[in-house]
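> Here's a structure for you.
Values quoted throughout were computed directly from the atomic coordinates according to the rules given, and no laboratory measurement underlies them. Keep in mind that what you see is a predicted model, and the values were worked out from it rather than measured. Positions of Cβ are generated from backbone atoms using ideal geometry, with glycine treated the same way; all protein chains shown enter the neighbour counts.
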Amino acid sequence: MRRLVVLALIGLAAQLVDGSLGMAYGVTSTSLLLMFGIAPAVASASVHMAEVVTTAASGVSHIRFGNVDKHVVYKLIIPGSIGAFIGACLLGSIPGNIVKPYVSFFLLMLGVYVIYRFLFKFNPASKLSGKKLGKKQLIPLGFIAGFFDATGGGGWGPIATPVLLTSSKMEPRKVIGSVDTSEFAIAISSTLGFLLTLGWTQINVQWVIALMIGGIIAAPIAAWLVKIIPTNLLGTLVGGIIIITNIRTLLGALEASHIISLFTYLILAVLWLAAIINVSYKIKRNSYRKQLAE
C-alpha cells in the first residue's frame, strides 16, 4: 500500500511537471521506477499504459485553456505513433539487465539536453516568426521523439518540446499544450507494442492505476500552471532531477565507490544550483526591464 501511495505521488508530481512544461512525465516516472529495481521494459510499459489516461486528461485540459495548435498535433501523431510502436517492440525483446544502463544513460543525456535548451537557448521574450512548421520538420521530429520515448520510457516531451520552442514559430504555451495533447496517440502506440512483446503478465496493473490516479489529479492543475510559471526555470529544475536520478543507476552499473558517488552528486548539485540561480536572475532581470519599459 505504501508503494502504491508513493507511485500515485510520483504520477501526480510527474504530471504537474509534464503538463506545465510539456515534458518529463515518462522520463521522471521511468527513472524512479528503475530506482525501485523494475526492469526497463516493464517500467516503460507501465508508464506508457498510465499515460494513455493521463495524456487524455492533460490534452482535454490544455484544449479547454486554449493551449493547443491543432495543425502541429495532426502532423506529429502519425509519425510519432509509428516510431513509438517500433521502439516499444524493440525494447520489449531486449533483456532488462543488459539495456538498463543504456536506458539510464539515454535519460541522463535527455536531462542534460533539457537544461542546456532552457538555460542557454530558450528566450521567453522572443518574437514569433509567424510561419507555420511544415511536414519536413514535424514528421522526422515526431518519429524520432516517438521512438526514443518508447525505448527510454520518456523522450516525447524532452525532444519535441525544446525543438519546437527554439523554432520561434509557436508560443511556449501552444508548444507545451500541443506536445502534451499529441502524446495521447504516442502512449497508445507504445502500449500496443509493449503488450505484443511483453504481454499482460509482465505489467503490474496496480502500479499503472496508481500512476494514473496521480496524473489525472494533476492534469487540470498543470494546464493552468503553464500560464503562470516561468518555463525556463521549470525546465532547469526538471533537467537537474533527471540527471541526478539517472546518474545513480549509472554509478551502480559501473560499481563506483561511495566516495566517487558522493563527489559526483556534490558536483552535480552545485552545477544544478548555479543553473537555477542563473535562470532566476534572468527572469528577475527581464521582469525589471519590462517594468522600466512600461
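> Just rank Arg173, Arg64, fewest to most, by other beta-carbon atoms within 10 angstrom.
Starting with the residue having the fewest Cβ neighbours, the order is Arg64, Arg173.
> Using the 10 angstrom Cβ neighbour count as an exposure proxy, how do Asp180, Asp149, Asp69 rank, fewest first?
Going from sparsest to densest Cβ surroundings: Asp69, Asp149, Asp180.
> Could you list Leu211, Leu271 in order of exposure, starting from the residue whose Cβ has the fewest other Cβ atoms within 10 Å? Before the final figure, lay out each step's value.
Numbers: Leu211 29, Leu271 13.
Going from sparsest to densest Cβ surroundings: Leu271, Leu211.
> To the nearest 0.05, what FRET efficiency results for Ser257 and Val112 with a Förster distance of 25 Å applied to their C-beta separation?
After rounding to 0.05, the efficiency reads 0.60.
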